[in-house]
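Rule-based calculations on the coordinates, nothing more; no lab input. All of these numbers come straight from a predicted model, not from anything done at the bench. Cβ placement follows ideal geometry from the backbone for every residue including glycine, while neighbour counts extend to all protein chains displayed.
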Protein chains: 2
Amino acid sequence: MRSRRPTTFQIAVDLVILTVRDARLAVLLIERGNDPYRGQLALPGGFLRDGEDLPDAAERELREETGLHGLSPHLEQVGSYATPGRDPRGAIASVAYLAILPDLPVPVAGTDAAAAGWYAIDTRPLAFDHDRILRDAVERARTRLENTPLAAAFCREPFTIGDLRAVYEAVWGVPLDPRNFHRKVTGLSGFVTSTGETRHPPTGRPANLYRRGPAATLYPPLQRPNAASPPTV
Amino acid sequence: MRSRRPTTFQIAVDLVILTVRDARLAVLLIERGNDPYRGQLALPGGFLRDGEDLPDAAERELREETGLHGLSPHLEQVGSYATPGRDPRGAIASVAYLAILPDLPVPVAGTDAAAAGWYAIDTRPLAFDHDRILRDAVERARTRLENTPLAAAFCREPFTIGDLRAVYEAVWGVPLDPRNFHRKVTGLSGFVTSTGETRHPPTGRPANLYRRGPAATLYPPLQRPNAASPPTV
DNA sequence: ACAAAAGTGTTAGACGTACACCCATGC
DNA sequence: GCATGGGTGTACGTCTAACACTTTTGT
């Protein structure tokens with residue numbers, strides 16, 4: 001029965017928007033146009049509005065930031081951050097969302113952003129505590145690739161097994177055997193479904209095309225090599 | 001550049017405190033002593049205080065709710081919930097934390113709680129949107145057992161391999177082969193470390209005793225049977 | 001002796017990895 | 001033909017699941 005009125009917060013929804021560009025994992029960052037941290041790079045985001053739910057706010061910010069509409073990319077909550085002093089403006093908690101997009105035409109600049117663009121995921125430093133948020137989100141993405149068909153969300157449909165493999169290699173940062181990868185993915189039920197079509201690479205045999213399958217989880221999971229300890233045996 | 005002042009929230013930190021009692025997964029619930037939802041079961045929790053970080057608030061609530069001190073149980077953030085109308089008192093967002101404890105003496109009643117006790121994890125309905133929060137946290141715990149040594153946090157030290165197996169069976173709800181489980185766990189490096197001691201069960205051969213090992217993740221993971229799809233082959 | 005729980009050995013099959021090999025195309 | 005990327009076959013080592021069996025206690 002506390003009589004003291006608890007502290008109130010503004011709630012920001014910040015987005016870690018990832019894509020794969022040029023075989024590298026990339027994140028959408030904005031250059032801040034306002035104080036605090038004016039001119040520094042930061043994750044795109046905005047305040048939760050009155051009567052709005054968190055996933056709705058994340059989706060709205062995503063649309064505002066990227067200009068895409070009608071699309072329904074992967075969007076999942078990563079965590080919340082409320083360390084005192086994390087925002088010089090005062091008591092502002094941040095809820096971080098992870099968004100996965102295929103490599104798309106350039107994003108637009110938001111209202112609060114002087115510029116927006118794709119950056120390497122080890123770009124530092126970022127404004128606020130966004131270094132940490134970005135690190136947490138990337139780690140989440142890496143583990144999600146093991147257990148869920150999330151990798152397909154990085155690919156524009158239809159895609160080839162090679163496209164999918166490129167995603168795994170970019171996100172995990174390790175090379176994978178094309179032959180074994182192909183077998184594993186096509187063998188997992190529900191990961192990808194074949195369209196009858198093929199796509200012709202600049203040179204080489206045409207590749208079969210696929211769309212995302214109905215599965216929500218991968219069983220058995222795709223094990224990331226050297227996940228914990230290198231096989232020191 | 002929005003001139004309208006964004007909505008402000010109070011932030012509640014709610015705890016999903018799990019333990020294993022009588023070979024069943026159990027959750028600590030309180031009976032609410034105040035409106036709203038007076039008399040209904042709810043997750044323990046409280047408001048984030050001025051100058052307090054989220055993990056600190058979770059730890060403080062845990063101590064207040066269970067009366068334990070000096071202990072450092074597993075505590076991890078599960079997610080945040082801010083659906084409009086989720087709390088009749090107004091704009092209150094909730095950050096949920098998952099706590100894992102060994103089976104302990106009865107918890108104490110908190111300030112806001114008429115009574116606190118252990119309940120089956122399928123106890124319904126709970127106040128607010130706590131049904132959903134509980135479901136999310138239990139699912140998190142289940143997957144954590146696969147990849148981390150979290151199961152040991154359910155055991156008072158020192159523990160036997162049989163104790164540990166009982167945790168897996170309770171949380172996953174499936175029987176495991178004692179022989180293979182023993183080999184797997186003792187074979188994984190860093191999961192458990194042997195004390196030289198033994199414990200005598202009511203009847204049967206004495207069991208070797210162990211403490212939690214240094215590993216933070218399990219590699220390879222312990223696969224939960226029938227994780228995604230039953231072997232419909 | 002018997003029951004009960006702990007722990008070891010063994011085996012058959014499933015799975016992962018490595019890599020040889022074939023396929024289909026553009027140049 | 002040759003380079004290139006796609007895809008299949010195969011062999012070998014490792015891991016898993018199933019279960020027979022031994023060990024060590026209390027009664």
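To make sure I understand, if each residue's beta carbon is the centre and we count other beta carbons within 10 Å, what order do A:72, B:194 fall in, fewest to most? Could you put the intermediate results ahead of the total?
Working: A:72 8, B:194 12.
Ordered by Cβ neighbours within 10 Å, fewest first: A:72, B:194.
Sticking with the crude label model, points 7 Å out along Cα→Cβ, report the distance from residue B:83 to residue A:122 in nm, one decimal please.
According to this spin-label approximation, the distance is 4.2 nm.
Got the relative contact order for segment A:148-212 handy, in percent, Cα pairs under 8 Å and 6 or more residues apart?
Values: 73 pairs, mean separation 24.6, N = 65.
Across segment A:148-212, relative contact order equals 38 percent.
According to the square roots a ≥ b ≥ c of the eigenvalues of the Cα gyration tensor, what is the shape class of chain A, taking rounded for a/c under 1.5, prolate for a/b larger than b/c otherwise, and oblate for the remainder? List each step's numbers first, then the result.
Details: a/c = 2.03, a/b = 1.79, b/c = 1.13.
Prolate, since a/c reaches 1.5 and a/b exceeds b/c.
Within a 10 angstrom radius of the beta carbon, how do A:159, B:154, B:181 rank from fewest other beta carbons to most? Before the final figure, lay out each step's value.
Values: A:159 23, B:154 26, B:181 17.
In increasing order of surrounding Cβ atoms, one gets B:181, A:159, B:154.
Determine the relative contact order of segment B:10-146: mean sequence separation of Cα pairs under 8 Å and six or more apart, normalised by residue count, in whole percent. Before the final figure, lay out the partial values.
Working: 243 pairs, mean separation 47.3, N = 137.
Taking the mean separation of contacting Cα pairs over the length of segment B:10-146, I get 34 percent.
Using Cα springs under 10 Å in a Gaussian network model of chain A, which residue among A:197, A:169, A:146 shows the largest mean-square fluctuation?
Fluctuation is largest for A:197.
With just the Cα atoms defining each centre, how far is segment A:182-225 from segment B:80-95? Give it in Å.
For segment A:182-225 versus segment B:80-95, the Cα centre distance is 41 Å.
Could you tell me the distance between the Cα centroids of segment A:1-71 and segment B:15-33, to the nearest Å?
Their Cα centres are 35 Å away from one another.
Sorted from shortest, what are the nm distances separating the label point of residue B:190 from equivalent points in the other copies, each placed 7 Å from Cα along Cα to C-beta?
Values, ascending and in nm: 3.2.
Fewest first, what order do B:179, B:24 take by the number of other Cβ atoms within 10 Å? Write down the numbers at each step before the final one.
Working: B:179 8, B:24 14.
Ordered from fewest to most neighbouring Cβ atoms within 10 Å, B:179, B:24 come out as B:179, B:24.
Please compute the modelled spin-label separation between residue A:143 and residue B:71, points set 7 Å along Cα→Cβ, answer in nm with one decimal.
Reported label-point gap for residue B:71 and residue A:143 is 2.4 nm.
Would you work out the charge dipole size for the protein assembly as shown about its Cα centre, treating the Cβ of every Lys and Arg as +1 and the Cβ of every Asp and Glu as -1, and quote it to the nearest 20 debye? Before the final figure, lay out each step's value.
On the way: 56 positive and 54 negative charges, 205 e Å.
Dipole about the Cα centre, nearest 20: 980 debye.
Tell me the distances, shortest first, between residue B:55 and the same position across the other copies, using label points 7 Å along Cα→Cβ, in nm to one decimal.
So the label point of residue B:55 gives 2.9 nm to the other copies.
5 Å is the cut-off here: which amide hydrogens, built 1.01 Å from N in the peptide plane, fall below it relative to residue B:126, excluding neighbours closer than 5 in sequence?
The list, which skips near neighbours in sequence, is B:131.
When a/c is below 1.5 the answer is rounded, else prolate if a/b is larger than b/c, else oblate, so apply that to the protein assembly as shown with a ≥ b ≥ c taken from the square roots of the Cα gyration tensor eigenvalues. Could the numbers behind the result be given before it?
Values: a/c = 1.98, a/b = 1.12, b/c = 1.77.
Oblate, because a/c is 1.5 or more while a/b does not exceed b/c.
Using Cα pairs under 8 angstrom and six or more residues apart, how large is the relative contact order of chain B, in percent? Before the final figure, lay out each step's value.
Details: 391 pairs, mean separation 47.0, N = 233.
Relative contact order of chain B: 20 percent.
Can you work out the FRET efficiency for the pair residue B:35 and residue A:135, with r the C-beta to C-beta distance and R0 = 45 Å, to the nearest 0.05?
Numbers: r = 42 Å, r/R0 = 0.93.
After rounding to 0.05, the efficiency reads 0.60.
Run the label-point distances for residue A:22 please: 7 Å along Cα to Cβ, every other copy, nanometres, shortest first.
Reported distances to equivalent positions: 6.4 nm.
Would you work out if segment B:10-146 is rounded, prolate or oblate? Take a ≥ b ≥ c from the square roots of the eigenvalues of the alpha-carbon gyration tensor; rounded if a/c is under 1.5, else prolate when a/b is larger than b/c, oblate otherwise. Present the calculation step by step, with values, prior to reporting the outcome.
Numbers: a/c = 1.29, a/b = 1.24, b/c = 1.04.
Because its axes are fairly even, with a/c under 1.5, segment B:10-146 counts as rounded.
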